[in-house]
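Worksheet: the structure to be examined is printed underneath.
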Amino acid sequence: MHPPLETHQPERCRPMMTSTVSEIEEVITPEASSERTTLLNGSNGLYSPESVRRRVSGKSPVDGGSRRICRQQSFGRDIGHAAAETYLITGLSFKLLRYLGVGYRWIMKLLALTCYAMLLMPGFLQVAYMYFFSSQVRRSVVYGDQPRNRLDLYLPSNNDGMKPVVVFVTGGAWIIGYKAWGSLLGMQLAERDIIVACVDYRNFPQGTISDMVTDASQGISFVCNNISAFAGDPSRIYLMGQSAGAHIAACALLEQATKESKGESISWRVSQIKAYFGLSGGYNLYNLVDHFHNRGLYRSIFLSIMEGEESFEKFSPEVRLKDPIVGKAASMLPPIMLFHGSSDYSIPCDASKTFADALQAAGAKVELILYSGKTHTDLFLQDPLRGGKDELFDDIVSVIHAEDDDALAKDSLAPPRKRLVPELLLKLAREVSPF
């Protein structure tokens, strides 16, 4: 096991963190030049933990002027990265518009989304400030060779020992998913001494569902093989997905179990995942296509995302479990917990109910938790922004810390979480939410 990170500031300035390949090349020391191939061109495309740790914990005294220059350089890299991603997303948005056309449902959804975002803006601005300026957020760590193959790491403020880890795959209707959407969850779990890795992936039209599953699997692989370099405990890794991210993560997990059962070459093992948390996910595409069409995600777009109706079975975990080969692999799956709001109209809670039934029939260990009256966004956005007690958050933390008495004791003494948005704005946002 790798030792925990040291607490001092590294030479390359922690406050503004964007871990790109070029940045890592800059900080490889001369004596480590022989490791360059391992770091950048390894057989599995992953960083060498030793090289990553060297970047994190390297010692070099610098004066105030050097620190200012370093901070400016880091800020410049952030601006450059943001500009490149903005250009990419803008181009993809125009391409997406050509797919969508100008339909009444789509226009109304866009207007509702705009109003929803404006109402929650007081909270979003606070989270954005922490995301860009907190020394505990390590942004855009590269895990693969595709444009969106990056992840954000949220690190606890203390480093007294190895920490449990949550790999989080964000939602976004397979179209507007982005790693930063998990920033609020990441920051709040980090306050409870849990490392969070928010995995980005190609969205439609940049990629289709097979690309998304491949990206998610590669991101999981990176965490499993490298998280010890960031003081993460490789024996306590949890996989979590929300909405479309829950579907993608479930596909990746089941696909990995199937490959493993066949003896195929793999870069991470299902046994490395201690549990899977599926939040407000849909796991049977046959049951979702018409529902989404009626809500504005038109059938033609959905079929393009999912690579045609002929691919529905392949990317429907609930349906795949009926295949004897896949069903046999289900016994290898980690414990699965499915969370859903009973008033979720974006993806009805029946999606989690039927998936739980299919998992149980296949012999997997599964638990379903329904939250009465909660909508699609209540559990992931409004409740966390409200602060105070949060049932879903407490349920997740209690599972992660179940075998750690000290952590449970700290949880019982943790102060209530800060309110980020006034109650009136939260109620209005709930009414106009397009999700």
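Points worth noting:
- Test: A351 is touching a Phe, Trp or Tyr at 6+ places or on another chain (Cβ under 9 Å) and either over 23 Å from L424 (Cα atoms) or modelled with pLDDT under 95 (or both): yes
- Test result for Y283, among the aromatic types (F, W, Y) and under 24 Å from the mean Cα position of the chain (by Cα): yes
- Considering the range 144-181, and only residues there that are among the small types (G, A, S) and free of Cβ contacts under 8 Å to residues at least 60 places away in the same chain, the residue that is least open to solvent (accessible area, probe 1.4 Å) turns out to be A180.
- Pairs linking a residue in the range 274-301 that is at negative phi and without any contact (Cβ under 8 Å) to a residue 12 or more places away in the chain to a residue that is open to solvent by less than 10 Å² (accessible area, probe 1.4 Å) and β-branched (V, I, T), with Cβ atoms under 8 Å and 6 or more positions apart or on different chains, are R299/V289.
- Only residues that are farther than 15 Å from D215 by Cβ, outside any loop (DSSP other than H, G, I, E, B) and open to solvent by 10 Å² or more (accessible area, probe 1.4 Å) were counted across the range 255-284, and they come to 7.
- Filter result for A216 (within 15 Å of the chain's Cα centre (by Cα) and within 20 Å of A329 (Cα to Cα)): yes
- Counting only helices (runs of 4 or more DSSP H) that sit wholly inside the range 327-435, those with at least 1 residues that are farther than 27 Å from I194 by Cα, open to solvent by 30 Å² or more (accessible area, probe 1.4 Å) and in contact (Cβ under 8 Å) with a residue 24 or more places away in the chain are 350-361, 423-432.
- Restricting the range 197-247 to residues that are open to solvent by 10 Å² or more (accessible area, probe 1.4 Å) and part of a strand (DSSP E or B), the residue that is nearest to L381 (Cα to Cα): Q242
The values are calculated or read from the model by the stated rules, or taken from the named source; none is laboratory data. A quick note: this is a predicted structure, and the numbers were derived from the prediction, not measured. Using ideal geometry, Cβ is built from the backbone for each residue, glycine included, and neighbour counts are taken over all protein chains shown. These area figures cover heavy atoms from the full protein model, side chains too; ligands, DNA and RNA do not enter into them. Shrake-Rupley method; radii C 1.70, N 1.55, O 1.52, S 1.80 Å.
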